[in-house]
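Just below is one structure, and these are the notes that go with it.
The values are calculated or read from the model by the stated rules, or taken from the named source; none is laboratory data. Just so you know, these numbers come straight off a predicted model, no measurement behind them. Every residue, glycine among them, receives a Cβ derived from its backbone with ideal geometry; neighbour counts consider all protein chains shown. Only protein heavy atoms, including side chains, enter the accessible area calculation; ligands, DNA and RNA are left aside. Shrake-Rupley method; radii C 1.70, N 1.55, O 1.52, S 1.80 Å.
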Amino acid sequence: MSETSAELSASESGAQIAPVGEPEAEADAPLGPAGEKALDLWKQRAKEAEKASREQAKRLQALEDRDKTEVQRASERAEAAEKRAAAMVQRTVRAEVRALAAATFADPSDAAAFLDPSEFVDDDGDVDTKAVEKALADLLKRKPHLAKEAAPPSFDGGARRTADKPPSMNDLIRQKAGLG
């Protein structure tokens with residue numbers, strides 16, 4: 001959009017545009033009702049322009065697809081499917097890393113951030129759990145501050161249990177006689 005249309009829309013809304021090169025005195029000053037109205041108008045125009053852009057992109061894609069052969073369309077669908085599959089494998093590896101790190105890391109997402117997911121996938125797309133465990137252990141050795149803090153010690157003196165009932169006189173006699 002040209003400067004004249006910006007000046008026209010600004011003059012229509014009553015807002016004043018600061019000359020280029022001069023710093024504004026109050027950068028955080030409220031816009032006022034006219035400024036808010038102009039801002040809302042620009043937001044609405046931006047949304048309409050984005051919508052029109054998406055529609056034009058769809059039309060362009062449809063025109064390009066119309067001229068393609070079935071083999072080209074199938075290969076593009078296959079490429080898109082491969083990209084989605086690769087993204088799903090990466091997500092799976094990150095989830096596996098977070099799951100295994102939950103036991104020893106204070107924040108399991110830290111482990112996923114420090115490790116490269118592609119190192120733990122074989123050619124079939126399976127996750128090598130042993131390699132993930134080894135990498136997590138190595139990461140904890142290099143960065144021990146990522147580990148969970150140990151539980152505070154318990155000072156309760158051990159587990160509590162009720163005392164056994166005292167033996168009766170008959171039980172003591174049987175025990176000494178070797179009968180029970």
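Being acidic (Asp, Glu), modelled with pLDDT of 90 or more and surrounded by 11 or more Cβ atoms within 10 Å (Cβ to Cβ) is a description that does not apply to ASP128. Every condition in (1) among the aliphatic types (A, V, I, L, M); (2) free of Cβ contacts under 8 Å to residues at least 24 places away in the same chain; (3) not in a loop (DSSP other than H, G, I, E, B) is met by ALA150 except one, and the failing one is (3).
Every condition in (1) more than 15 Å from ALA99 (Cα to Cα); (2) open to solvent by less than 80 Å² (accessible area, probe 1.4 Å) holds for LEU136 except the one numbered (1). Only a single criterion out of (1) within 20 Å of the chain's Cα centre (by Cα); (2) of a type outside the set (Phe, Trp, Tyr); (3) farther than 24 Å from GLU82 by Cα is not satisfied by GLU149, namely (1). Against the numbered list (1) surrounded by fewer than 10 Cβ atoms within 10 Å (Cβ to Cβ); (2) modelled with pLDDT under 55; (3) among the hydrophobic types (A, V, I, L, M, F, W, C), ILE17 comes up short only at (1). For segment 66-99, how many residues are touching a helix residue (DSSP H, G or I) at 6+ places or on another chain (Cβ under 9 Å) and either open to solvent by less than 50 Å² (accessible area, probe 1.4 Å) or aromatic (Phe, Trp, Tyr) (or both)? Number satisfying all stated conditions: 5.
Looking at this structure, is LYS176 under 30 Å from GLU96 (Cα atoms) and either open to solvent by 90 Å² or more (accessible area, probe 1.4 Å) or modelled with pLDDT under 90 (or both)? Steps first, please.
On the way: under 30 Å from GLU96 (Cα atoms): no; either open to solvent by 90 Å² or more (accessible area, probe 1.4 Å) or modelled with pLDDT under 90 (or both): yes.
Spelling it out, it is not the case that LYS176 is under 30 Å from GLU96 (Cα atoms) and either open to solvent by 90 Å² or more (accessible area, probe 1.4 Å) or modelled with pLDDT under 90 (or both).
For ALA106, all conditions in the list (1) touching a Phe, Trp or Tyr at 6+ places or on another chain (Cβ under 9 Å); (2) among the small types (Gly, Ala, Ser); (3) in contact (Cβ under 8 Å) with a residue 40 or more places away in the chain hold save one; what is the number of the exception? Here ALA106 clears every test but (1).
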